[in-house]
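Colleague: One structure follows; several queries about it will come next.
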Amino acid sequence: MILQTGMRTDIPAFYTPWFLNRLKEGYVLVRSPYAPQRVTRYSLSPDVVDLVGFCTKNPGPMLPHLDALRPYAGQHWSVTLTPYGREIEPHVPPKEQVIENIRALSAAVGPASVAWRYDPILLNGTYTEERHLAEFSRMAAALDGCVEVCVISFLDLYQKVQRNFPEARAVPAAARIRLGRAMARIAKSHHMRLKACAEGDELAPYGVDCSGCMTMEVYEHALHARLSPPPGAVHPGRKECACYLGGDIGAYDSCGHLCRYCYANASPEAVRRNRRLHDPASPFLIGGPLPGDEVRDARQESWLDGQLHF
């Protein structure tokens, strides 16, 4: 199966010691974000976990520990690199540091296992279309040969985003098309395929791959092997999404980057409260066991069918 670590928080950036402890213990406990007393126990055995997925803005803390992931058949990293400053991404490392980390990660696990995310794209008086294209071109040149795919999306005004970033505005359709078309050309010139995340087929006529950014095909490419998931196992995360997200071991309201566009944090105060509850020795990312917890084992089995592909 696919174990996802990063759709709710950034584990490599903030919780690497905890994650390494969980690998040593061989299991993790995850609270349902919708019914907190429902707890799922995931085995972390390489016998049942085929691939570990990461979404991060800072893979640096994990780089010295990649040997801990070698027992798994594969891994897939989505690393976000945008042009925004600290007024939007308060605690993301400097851009050049992230670029160097992506290069080091690619050298260690291979370009097929690393995707660059340039998202979400937002427009304002500072981050104009022209600036986005200039910064995207510079970053693409720096990552040429290190990644095969770049994923873009445009800002979604979720309720949490509107509360934490009230001045944000949706990107108009005409601007989305201009940016998507230009970025597809730039990406191609640097040996990358441009993908759109949850944007429908709007950009497909302009050379953008709209098939999804974390699909079974993407994972198979990272694994260099075929997957045979059981019927009904593959499902998108939301109606706009074509991706399979896997069993997520993260927790909402725990990412310390505090990006203002983030859909996973309700507020900075909630993040600070949860991070105080974090214990690197706990089987839970946030806190520990509570009275009334109902723990169930996840149904897990390897989906590898053993056929190599290229």
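The values are calculated or read from the model by the stated rules, or taken from the named source; none is laboratory data. Remember, it's a predicted structure, so these values are computed and weren't measured experimentally. Here Cβ is always computed from backbone atoms with ideal geometry, including for glycine, and neighbour counts include all displayed protein chains. When the accessible area is computed, the model is the full protein with side chains, heavy atoms only, and any ligands, DNA or RNA have been set aside. Shrake-Rupley method; radii C 1.70, N 1.55, O 1.52, S 1.80 Å.
Colleague: Is it true that some residue in region 277-294 is assigned to a helix (DSSP H, G or I), open to solvent by 30 Å² or more (accessible area, probe 1.4 Å) and modelled with pLDDT of 95 or more?
Modeller: The answer is yes; a qualifying residue exists.
Colleague: Hand me the list of strands (runs of 3 or more DSSP E) wholly inside region 74-173 holding 3 or more residues that are in contact with a strand residue (DSSP E or B) (Cβ under 9 Å, 6 or more places away or on another chain), open to solvent by 50 Å² or more (accessible area, probe 1.4 Å) and of a type outside the set (Asp, Glu).
Modeller: Fully inside region 74-173 and qualifying: nothing.
Colleague: Same structure, new question: Can you pull out every residue in region 259-276 that is buried (at least 17 other Cβ atoms within 10 Å of the Cβ) and touching a residue at least 60 places away in the same chain (Cβ under 8 Å)?
Modeller: Across region 259-276, the qualifying residues are CYS259, ARG260, TYR261, CYS262, TYR263, ALA264, ASN265.
Colleague: Another question, then. Which of the residues spanning region 53-69 are touching a residue at least 60 places away in the same chain (Cβ under 8 Å) and of a type in the set (Phe, Trp, Tyr)?
Modeller: The answer is none; no residue qualifies.
Colleague: Do you know which residues across region 62-87 are closer than 18 Å to ASP10 by Cβ and more than 16 Å from the chain's Cα centre (by Cα)?
Modeller: Hits for region 62-87 are LEU63, PRO64, HIS65, LEU66, ALA68, LEU69, TYR84, ARG86.
Colleague: Something else about it: Looking at (1) modelled with pLDDT of 95 or more; (2) touching a strand residue (DSSP E or B) at 6+ places or on another chain (Cβ under 6 Å), which is the only condition ASP305 fails?
Modeller: (1) is the only condition that ASP305 fails.
Colleague: Return the residues of region 181-208 that are free of Cβ contacts under 8 Å to residues at least 24 places away in the same chain and not in a helix (DSSP H, G or I); say none if nothing qualifies.
Modeller: ASP201
Colleague: Test ARG178 against the stated conditions and say whether it is basic (Lys, Arg), in a helix (DSSP H, G or I) and within 26 Å of GLU87 (Cα to Cα).
Modeller: So ARG178 passes the test.
Colleague: Mind telling me which of the residues GLY110, GLY145 ends up being touching a Pro at 6+ places or on another chain (Cβ under 9 Å) and under 28 Å from GLU220 (Cβ atoms)?
Modeller: One residue alone meets the criteria, GLY145.
Colleague: Filter region 174-203 down to the residues that are aliphatic (A, V, I, L, M) and surrounded by fewer than 15 Cβ atoms within 10 Å (Cβ to Cβ) and list them by number.
Modeller: Matches in region 174-203: ALA174 only.
Colleague: Go through region 1-15 and give me each residue that's assigned to a helix (DSSP H, G or I) and open to solvent by less than 30 Å² (accessible area, probe 1.4 Å).
Modeller: ILE11, PRO12, ALA13
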